Every structure is written in structure tokens, then in C-alpha cells.
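Chemist: Just passing along the structure, written as C-alpha cells.
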Amino acid sequence: MNNSCLKLKVLRNLLREPLFAAFQEALCGGEPEKFYYQLYEAGAENNFLSGLCELILADDNAFARTCAKGDTPSSYLFDAYAGDLDAIFSAAAKFEGDEHFRLGEPVPPFDGSLDGARSAAGLADHYAAHGYGKYMKFRAFTYSDGSLLPIENTSEVTLNDLKDYESEKKQISDNIINFLSGLPYANMLLYGDRGTGKSSTMHAMLNKYFGQGLRIIELNKQNMLCIPDIRRAVRDIPLRFIIFIDDLSLNEDDDKISSLKAGLEGTVGGTADNVMITATSNRRHIVKESFSDRENSVHPGDSMAEQLSLADRFGLTVMFASADRHTYLSIVRQLADERAMSTDRDKLCALAERWALAKGGRSPRRARQFADLAYACERRGAEIDF
């Protein structure tokens, strides 16, 4: 290996990546074994250039951020970035013919000729369309200590996995399509009994529309005061973000009510920002109410109106009703058919009804839990017993 350490101006964050750091160390005359180890750990031994390109593509740097905002990089920034690419590709070419791995080929949007300027031009267009860094790579995020942190393992549920409730799914999907298309859209409140599929529907929507630029920021109740900060953090990113508050319920004197109201203002009318707020709740009106609230209030009508005003700020309210017997058994049958189960359907439905009675009621979640149990028993050749 030649002693030719890389001198990077824009892509210096790459040196924090284990594979790239080991690559740099090998270039500087270090032992190659550490580089091979990181190469194999990353699964890049069959196409090292592809691995390099993925690291470069996901890097958070001034060039990527500028392009993602829709701005044109200065000639100095463009030339520095293109120079870094030329240096990296030139250094990689020194490993041509190494018997321990394949150099391989770069991947789009990189230019196949390994020309830094042409690759930089392609990357500029890519960042402008798809965002940069973690926002391009990950589907979902959480908010903590002023930062958006990626969620690496998200649910893989699809809309096809969620049986029935077609009208509810269509309302949500149509609104998200409007959101992604820059058309008027509404913040959403999904309410109904637990186990009816409210949260799963949002996860499925994310999986369906991720490729069209949808991302989710999962926010717990404690962080709702940070909604303005989140809006500012993602304002210049060319993607669409849903701030998702799951299982929302507030007390009348909760200081987070005013914060959420403020966060909801301004988007219901269809303003063209890139943030939508969506909440799920078991309560239609979100704010817990009691008879004592009314009795202790000088103006009970005003107190009631105040409690209802938060829910009214969601432009789209979708109710996920409890599953009746017909819907519950329909879901059981669909899941059984999907898995090609051989158990007689009448017997299966009778057992499913027993299951619902034993577990405290019917719901899509109960139907899936029963179908999972029944399928496992059938595969083992055992009786369905609980």
C-alpha cells in the first residue's frame, strides 16, 4: 500500500466511519488486516466502491445540506467537494488487483467514470430531491435533547396486512397523498378503542409512501413543547414529515395543550409547509373530562368548549370503531386464507369467538393474535387450545 493519506476538505466526517477510517489507515501505511476486517464486517468485499459510495451518499456535510435546501453550492464548495471525490476514487484505484476483495463499480447517482465533478453534479440533484444524511436513509425518528435520532428498526407492516377498515385507510391515504403532492391537507386525529389498528395504519402508510418522501417523527407527550423546534429543524429538508403522537391523552390543566394547539394552527387550512401532525387517541376529545370539571367551573359551557377545542383543531378526524362480530370474523377468515390454513372455517370462527370472550372483546388485534395461535398449532399438528 502506498503512503498517501487522504486530505479531505468537505467529507472529513467519513473518517469517523470504521470502514473509511481503516481504508485511510491502510493508505497511510498501516497494516492492511484492519482494513480487511472492516471490509468484511461491512459486507463490502465484493464491491468496495459501492460501499464507499454509500458512505459518501449518507454523509452529512455542507455540500449535501446546501443542495438539499435547493440552493446552488458556491464554486469553491463545489470544487472542494468534487476534489474530495477525485481523491477518494483515486485512492481506491490503488487497491485494484488486491487478491482479498473486489474493487467493483460505483453505484448511482455516482458517475460511472469516477469523475469527481460529474459525480458531484449528480449528487447535487439527488440531495435536492431526496434530502441528505440520516433523513435520506431512515424512515422514522425520535426527538431527544434537541436532536432528531433515527429509529433503525421500524415496523414492516403493510396496508395489505391490515384487514378491513378500508374507508378509514382511504381517508388517511388520500390526505397523505395531498400532503406529499403539495396540495391542501389536514392534521389528523385517529381515535377509537385500543387494538383497532390506528398506530399500525400509520406505520403501514410510512412504508407505502417512504419512497415518495414521507418520514415520521415519533413524539411522546413529554416532548410536545418541542414541536416548534422540530419544525425549524426540518424546514429546509426536501421531504415531508409527520409528527406522530401515539396514544395521546391530556388532563385539563396540562400545559402541553396550548403547545399542541399552537402546533396545529396554520396547517389545517392547507399551508404549504412540510410538517403534518397526527395523533392517535382512545378519546374523541383527547382531554380528559369529569363531572367535577363542570361542577367546579363558573362557566361550565366555556370549560367544555375549551376541552373540545383541541380535537377540533385536527382537520381530519378518523374513527376506528370497535370490531363487531362480522368484522372480527372477517379478519380471522382473511388471515386464515392468507396462510392457507386447512382448519374448517366454521370451527375456526367458533374458536375465535371463544378467544374474544376469554380475552375481553373483539378487535383486529385480537383477531390477529388468535390467527397466529391457530396457525402455529396447525403447523405443529396440535389442537388449538387456550
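Chemist: Report, for the chain, the % of DSSP beta bridges that are antiparallel, rounded to 5.
Modeler: Among the beta bridges of the chain, antiparallel pairing accounts for roughly 20 percent.
Chemist: Can you work out the accessible area per residue across the chain, with the rest of the protein chains kept in place, probe 1.4 Å, in square angstrom?
Modeler: 50 Å²
Chemist: Would you mind checking the tilt of helix 300-312 against the longest principal axis of the Cα atoms of the chain, expressed as 0 to 90 degrees and rounded to 10?
Modeler: Tilt relative to the chain: about 40 degrees.
Chemist: Continuing with this model, one more query. Using just the helices of the chain, give the 222 nm mean residue ellipticity in deg cm²/dmol: DSSP H runs with n ≥ 4 each add -39,500 (n - 2.57), and the total is spread over all residues, rounded to 500.
Modeler: About -14500 deg cm²/dmol.
Chemist: Can you tell me the orientation of helix 18-27 relative to the chain, as the angle in degrees between its alpha-carbon axis and the longest Cα principal axis, to the nearest 10?
Modeler: Result, in degrees: 0.
Chemist: While we're looking at this one, here's another question. Using a cut-off of 10 Å between beta-carbons, work out the net charge of the residues near Ser200 (Lys and Arg +1, Asp and Glu -1, Ser200 not included).
Modeler: Around Ser200, the charge tally is +2.
Chemist: Carbon and sulfur atoms: what percent of the 1.4 Å accessible area of the stretch 51-100 do they account for?
Modeler: That share works out to 47 percent.
Chemist: Given a Förster radius of 25 Å and the C-beta distance between Glu41 and Ser155 as r, what FRET efficiency does 1/(1 + (r/R0)^6) yield to the nearest 0.05?
Modeler: 0.40
Chemist: On to the next question. I'd like to know which of Val234, Leu183, Thr343 lies farthest towards the positive end of the charge dipole of the chain, counting +1 on Cβ of Lys and Arg and -1 on Cβ of Asp and Glu.
Modeler: Going by the Cα projections, it comes out as Thr343.
Chemist: If I fit a long axis through the Cα atoms of helix 116-130 and take the longest principal axis of the Cα atoms of the chain, what angle between them do I get, 0 to 90°, rounded to 10?
Modeler: Helix 116-130 and the main axis of the chain meet at about 10 degrees.
Chemist: How much length, in nm to one decimal, is gained on full extension between Glu31 and Lys261, taken as 0.36 nm per residue of separation minus their Cα-Cα distance?
Modeler: That works out to 76.9 nm of additional length.
Chemist: State the percentage of accessible surface on the stretch 117-221 attributable to carbon and sulfur atoms; use a 1.4 Å probe and exclude ligands, DNA and RNA.
Modeler: Carbon and sulfur together cover 45 percent of it.
Chemist: Quantify, in whole percent, the carbon and sulfur part of the accessible surface of the stretch 331-386 (1.4 Å probe; protein heavy atoms only).
Modeler: It is 46 percent, rounded to a whole number.
Chemist: Computed from the coordinates I sent, Cα extents along the principal axes in Å equals one of (i) 78, 63, 33; (ii) 77, 55, 42; (iii) 61, 45, 36. Tell me the label.
Modeler: The value matching this structure is (i).
The values are calculated or read from the model by the stated rules, or taken from the named source; none is laboratory data. These numbers were taken from a predicted model, which means no experiment stands behind them. FYI the Cβ positions are ideal-geometry reconstructions off the backbone, even for glycines, and counts take in every protein chain you see. The protein model used for the area step is the full one, side chains on, heavy atoms only, and it has no ligands, DNA or RNA in it. Shrake-Rupley method; radii C 1.70, N 1.55, O 1.52, S 1.80 Å.
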